[in-house]
Amino acid sequence: MADHPYRGRRAALATQHGKERALAPPLARRVGLIVEPVAIDTDAFGTFTGTTPRAGTAAEAALAKARAGMAASGLPLGLASEGSFGPHPWLPFGAGGVETLAFIDAQRGLELTLSAVSRRTNFAHHDVRDGEDIAPFLARVGFPSHALVVKAADGTVLATGVQTMAALSPLAWPGHRLETDMRAHLNPTRMAAIRALAGRLAARLGTLCPACACPGWGETDVQRGLPCSSCQQPTQGIAAIIDGCNACGHRESRPRPDGVTAASPAACDWCNP
Ligand SMILES: [Zn+2]
Ligand SMILES: [Zn+2]
């Protein structure tokens with residue numbers, strides 16, 4: 001990819017949490033993009049401790065952060081990530097994590113967001129009870145490599161980024177709540193999830209639109225209507241993958257990568273109503 005349009009270009013990464021460690025290497029390797037951390041107040045877009053609620057969807061929040069980094073740095077390329085952890089209205093099911101990554105190329109009119117659901121998250125909280133051993137909770141959430149937040153019974157944040165027993169012990173009082181600190185630089189599990197998503201973004205940016213040559217060509221939608229193998233009527237099954245370009249709007253459909261071309265009659269409303 002010596003001739004990739006992003007080779008040697010700088011992209012602003014809005015972060016306070018050291019995410020360039022996860023994001024920069026795959027993007028440098030695959031498309032030659034140079035990720036430049038820009039210190040903006042990302043907490044203004046919402047905090048994990050609940051002191052500032054987030055507005056809109058995770059994708060909207062990530063795009064807004066990316067735009068703030070671009071505005072602060074004057075760079076036309078921007079990047080930001082957003083994590084959501086259950087239980088949360090953005091999450092379709094119980095405890096889990098969703099990482100969302102946004103990329104903006106203002107000159108090409110490209111806005112791209114990618115998300116990954118990870119069931120592997122240490123997201124948890126625990127209310128300390130009188131005379132109780134908190135060691136099992138600490139082991140489960142990966143303390144001290146993964147930091148904690150301590151809150152009073154009324155929800156007041158007493159400490160964040162707690163990573164030592166010396167700091168935790170005086171705060172682990174009955175009635176206090178211990179929560180996993182989900183900020184990326186204090187949560188290696190989360191950092192690994194961001195790294196995996198950065199690899200997907202790099203692959204996506206490495207693929208150019210066949211119509212306008214803008215980076216970021218890839219799956220944007222699916223086409224339903226997979227025909228029933230018995231009666232040939234369309235089902236809700238996925239018939240084809242739709243690749244698209246968010247810059248020029250060009251779309252193409254391609255067969256499912258698993259080679260499936262028909263649905264089981266069991267999934268057909270005609271054969272199995
Ligand atoms: Zn295009
Ligand atoms: Zn059928």
- Task: Would you be able to tell me the number of residues in the range 130-144 that are open to solvent by 70 Å² or more (accessible area, probe 1.4 Å) and more than 29 Å from the chain's Cα centre (by Cα)?
- Result: 3
- Message: All but one of (1) more than 16 Å from ligand 2 (Cβ to nearest atom); (2) crowded, with 19+ Cβ neighbours inside 10 Å; (3) not assigned by TED's automatic domain parsing to the domain that holds residue 30; (4) not basic (Lys, Arg) hold for residue 193; state the number of the condition that does not hold.
- Response: (3)
- Item | Meets criteria (within 18 Å of residue 190 (Cα to Cα), at pLDDT below 90, surrounded by fewer than 14 Cβ atoms within 10 Å (Cβ to Cβ) and assigned by TED's automatic domain parsing to the domain that holds residue 39) for residue 87 | yes
- What is the one condition in (1) among the small types (Gly, Ala, Ser); (2) open to solvent by less than 30 Å² (accessible area, probe 1.4 Å); (3) more than 16 Å from residue 183 (Cα to Cα) that residue 147 does not satisfy? (3)
- What strands (runs of 3 or more DSSP E), lying completely within the range 112-228, carry at least 3 residues that are within 16 Å of ligand 1 (Cβ to nearest atom) and modelled with pLDDT of 95 or more? none
- Query: How about the range 233-273: which of its residues are open to solvent by 80 Å² or more (accessible area, probe 1.4 Å), touching a residue at least 12 places away in the same chain (Cβ under 8 Å) and not in a loop (DSSP other than H, G, I, E, B)?
  - Reply: 251, 252, 254, 255
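The values are calculated or read from the model by the stated rules, or taken from the named source; none is laboratory data. Remember, predicted model here, so these are calculated numbers, not experimental data. So basically every Cβ, Gly included, is an ideal-geometry build from the backbone, and we count neighbours across all protein chains shown. Just so you know, the surface numbers come from the protein's heavy atoms only, side chains and all, with ligands and any DNA or RNA stripped out. Shrake-Rupley method; radii C 1.70, N 1.55, O 1.52, S 1.80 Å.
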